[in-house]
Amino acid sequence: MAEQSLKRQLKVLTIPVFIEMALVMLLGAVDTVMLSRYSDNSVAAVGLDNQLISLVFLVYQFFSMGAAILCAQYIGAGLRKRLVQVVGMALMVNLVLGLAVSALLYVYAGPLLHLMGLRPELMDDGLVYLRLTGALSFFQALSLTFSASLRSADKVVYPMVVTGIVNVLNILGNYALIFGHWGCPQLGVEGAAIATAASRAVAMVLLAVIHFRKHIPRFPLAYFRPMPWQEFRNLLFIGIPAMSENISYCLSQVVVTFFINQISNEALAARTYCANMIMFVYLFCLSITQGGDILVGHLVGQRRHQAAYVLGNYFFRWSMIITLSGSAVLALTGGRILSFFSDNPEIIAMGVWVLIVDWFLEIGRTANIFAVGTLRATGDAVYPVIIGIIFNWTIAVGLSYVIGIPLGYGLVGMWVAFALDENIRGIILMRRWRSGIWRDKGFVN
């Protein structure tokens with residue numbers, strides 16, 4: 001009965017998380033789809049910008065990810081005061097961090113894009129998009145923390161509803177401001193940036209209101225006098241490895257995007273189109289892992305390690321089956337989908353081969369998403385960082401450069417290197433999960 005109850009809970013958590021994450025991905029993909037009606041160059045510029053924005057969002061997840069894991073374990077152990085302390089500190093730090101990073105992005109947008117080697121003909125579009133979305137990115141820092149806190153308490157429906165509202169606002173804003181409808185000026189890339197940044201601001205306000213009304217109504221000062229430094233250290237113990245692993249991966253992708261930019265504008269556009277399509281393939285894996293990790297955290301907090309292990313294996317199997325099925329469908333239909341975005345035959349041809357290679361990549365990516373997230377939920381946060389840094393930079397960056405540029409295999413050759421990176425890391429991290437070393441890594445004594 002207990003096993004069936006956990007599976008039902010997993011379903012209840014996964015469905016809203018799945019919808020929310022689909023909508024989050026759609027928020028970024030909408031800009032790509034609507035700008036593709038504007039020009040391929042605008043898509044290439046925004047695609048490169050979004051590599052930097054994604055990196056920034058991973059920095060913001062530093063404390064929110066740590067807070068979510070600790071909250072899940074504290075809820076499982078019934079430690080309400082420690083829950084409030086952790087969320088309060090995460091919000092405070094992310095506000096300060098978000099404001100500082102947003103200011104840096106606005107001031108140094110030009111030098112950053114030059115450093116990434118953005119081509120001169122793409123610079124105007126890239127600059128305006130990065131400045132607008134970057135300067136207001138602090139809203140996302142707070143949104144991530146509110147959302148993580150709500151999810152850890154099984155209140156996953158609220159972030160889903162907020163993301164749905166925000167997507168509608170973003171689509172309407174893009175329609176009005178990119179193309180100049182409803183009496184608005186035709187702003188192109190600038191219009192997409194304004195709509196996206198405004199939508200994220202609305203999301204933060206809505207999540208804050210819901211968080212205070214439905215989860216933690218207040219943060220008593222008595223809980224923070226004296227400052228609960230042990231909780232802060234726990235946040236750092238989870239947050240630093242989580243951030244380091246994600247930042248290593250995202251930085252490696254920034255470097256890879258720099259290499260792709262050296263190949264051609266067509267390669268950069270093809271990469272952007274394919275990346276937006278592929279996101280929806282591993283969406284189920286991301287969502288069931290996030291939902292499952294909440295339950296794993298609760299079980300670890302209750303010291304029910306065998307139940308956590310059985311549950312983890314259950315949602316990993318389903319992740320692999322559904323992800324590979326979706327990837328196969330995308331590989332078979334990729335040409336027709338790409339022709340909707342672009343009429344450039346070179347972009348379409350590159351994209352088709354990328355989607356075929358990506359089926360093999362998704363085997364490793366599914367294992368990595370599961371193992372990294374679930375090991376982190378148990379408190380075993382450092383090991384995935386070490387493995388990630390080693391292979392991100394030796395294979396995903398080093399080998400992809402050699403295959404793609406000196407050997408001349410271009411974007412498709414680079415995707416082969418990415419597949420090797422994901423699969424090797426996946427094998428190593430799954431062995432770690434199955435070893436059971438994580439059973440002694442929890443934060444509840």
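Taking the conditions exactly as written (open to solvent by 20 Å² or more (accessible area, probe 1.4 Å), aliphatic (A, V, I, L, M) and under 23 Å from Met65 (Cβ atoms)), does Val128 satisfy them or not? When the stated conditions are applied, Val128 does not pass them.
Only one of Val382, Val329, Val372 is out of contact with any strand residue (DSSP E or B) (no Cβ under 6 Å at 6 or more places or on another chain), open to solvent by 20 Å² or more (accessible area, probe 1.4 Å), β-branched (Val, Ile, Thr) and touching a residue at least 60 places away in the same chain (Cβ under 8 Å); which? Walk me through how you get there before you give the answer.
Working: Val329 fails: touching a residue at least 60 places away in the same chain (Cβ under 8 Å); Val372 fails: open to solvent by 20 Å² or more (accessible area, probe 1.4 Å).
Exactly one residue qualifies, and that residue is Val382.
Taking Val43, is it out of contact with any Ser or Thr (no Cβ under 6 Å at 6 or more places or on another chain) and either among the hydrophobic types (A, V, I, L, M, F, W, C) or open to solvent by 30 Å² or more (accessible area, probe 1.4 Å) (or both)? So Val43 fails the test.
Considering only residues that are on the phi < 0 side of the Ramachandran plot and outside any helix (DSSP H, G or I), which ones fall in the stretch 184-223?
So in the stretch 184-223, the residues on the phi < 0 side of the Ramachandran plot come out as 184-187, 189-223.
Cys184, Pro185, Gln186, Leu187, His215, Ile216, Pro217, Arg218, Phe219, Pro220, listed by residue number.
With respect to the conditions (1) modelled with pLDDT of 85 or more; (2) over 30 Å from Leu35 (Cα atoms), Leu361 lacks only one, and its number is (2).
If you check Thr272 against the conditions, is it touching a residue at least 40 places away in the same chain (Cβ under 8 Å) and surrounded by 24 or more Cβ atoms within 10 Å (Cβ to Cβ)? It is true that Thr272 is touching a residue at least 40 places away in the same chain (Cβ under 8 Å) and surrounded by 24 or more Cβ atoms within 10 Å (Cβ to Cβ).
A single member of Ile347, Ile321, Ile356, Ile363 is in contact (Cβ under 8 Å) with a residue 60 or more places away in the chain and over 20 Å from the mean Cα position of the chain (by Cα), and it is Ile347. Does at least one position in the stretch 183-200 carry a residue that is modelled with pLDDT of 80 or more, under 27 Å from Val84 (Cβ atoms) and either in contact with a helix residue (DSSP H, G or I) (Cβ under 7 Å, 6 or more places away or on another chain) or among the hydroxyl-bearing types (Ser, Thr, Tyr) (or both)? There is at least one residue in the stretch 183-200 that is modelled with pLDDT of 80 or more, under 27 Å from Val84 (Cβ atoms) and either in contact with a helix residue (DSSP H, G or I) (Cβ under 7 Å, 6 or more places away or on another chain) or among the hydroxyl-bearing types (Ser, Thr, Tyr) (or both).
Can you tell which of Met89, Met123 is surrounded by 14 or more Cβ atoms within 10 Å (Cβ to Cβ) and farther than 18 Å from Ser147 by Cβ? Step through it out loud before you land on a result.
Numbers: Met89 fails: farther than 18 Å from Ser147 by Cβ.
That would be Met123, the only listed residue that is surrounded by 14 or more Cβ atoms within 10 Å (Cβ to Cβ) and farther than 18 Å from Ser147 by Cβ.
Residues checked against (1) over 30 Å from Ile69 (Cβ atoms); (2) open to solvent by 60 Å² or more (accessible area, probe 1.4 Å):
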position: His181; (1), (2): yes, yes
position: Ala192; (1), (2): yes, no
position: Arg200; (1), (2): no, no
position: Lys214; (1), (2): no, yes
position: Met227; (1), (2): no, yes
position: Gln230; (1), (2): no, yes
position: Ile238; (1), (2): no, no
position: Ser248; (1), (2): no, no
position: Phe259; (1), (2): yes, no
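Scanning the stretch 275-285 for residues that are open to solvent by less than 10 Å² (accessible area, probe 1.4 Å) and farther than 18 Å from Ser339 by Cα returns Leu283, Cys285.
Grab the helices (runs of 4 or more DSSP H) fully contained in the stretch 43-139, keeping just those with 3 or more residues being within 30 Å of Ile347 (Cα to Cα) and among the acidic types (Asp, Glu).
Details: elements: 80-107, 109-115, 120-135.
Ranges flagged: 120-135.
Matching residues to (1) polar (S, T, N, Q); (2) modelled with pLDDT of 85 or more; (3) in a helix (DSSP H, G or I); (4) open to solvent by 10 Å² or more (accessible area, probe 1.4 Å):
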{"position": "Val352", "(1), (2), (3), (4)": "no, yes, yes, yes"}
{"position": "Val357", "(1), (2), (3), (4)": "no, yes, yes, yes"}
{"position": "Ile389", "(1), (2), (3), (4)": "no, yes, yes, yes"}
{"position": "Val397", "(1), (2), (3), (4)": "no, yes, yes, yes"}
{"position": "Tyr401", "(1), (2), (3), (4)": "no, yes, yes, yes"}
{"position": "Leu411", "(1), (2), (3), (4)": "no, yes, yes, no"}
{"position": "Ile427", "(1), (2), (3), (4)": "no, yes, yes, yes"}
{"position": "Arg439", "(1), (2), (3), (4)": "no, no, yes, yes"}
{"position": "Asn445", "(1), (2), (3), (4)": "yes, no, no, yes"}
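For the stretch 149-175, residues that are open to solvent by less than 10 Å² (accessible area, probe 1.4 Å) and assigned to a helix (DSSP H, G or I) total 9. The residues on offer are Tyr309, Tyr314, and the sole one that is assigned to a helix (DSSP H, G or I), surrounded by fewer than 22 Cβ atoms within 10 Å (Cβ to Cβ) and in contact with a Lys or Arg (Cβ under 8 Å, 6 or more places away or on another chain) is Tyr314.
The values are calculated or read from the model by the stated rules, or taken from the named source; none is laboratory data. Since the structure is predicted, the reported quantities are computational estimates derived from the model, not experimental observations. In this analysis, Cβ positions are derived from the backbone assuming ideal geometry, glycine residues included, and neighbour counts consider all displayed protein chains. Keep in mind that these areas ignore ligands, DNA and RNA; they rest on the heavy atoms of the full protein, side chains included. Shrake-Rupley method; radii C 1.70, N 1.55, O 1.52, S 1.80 Å.
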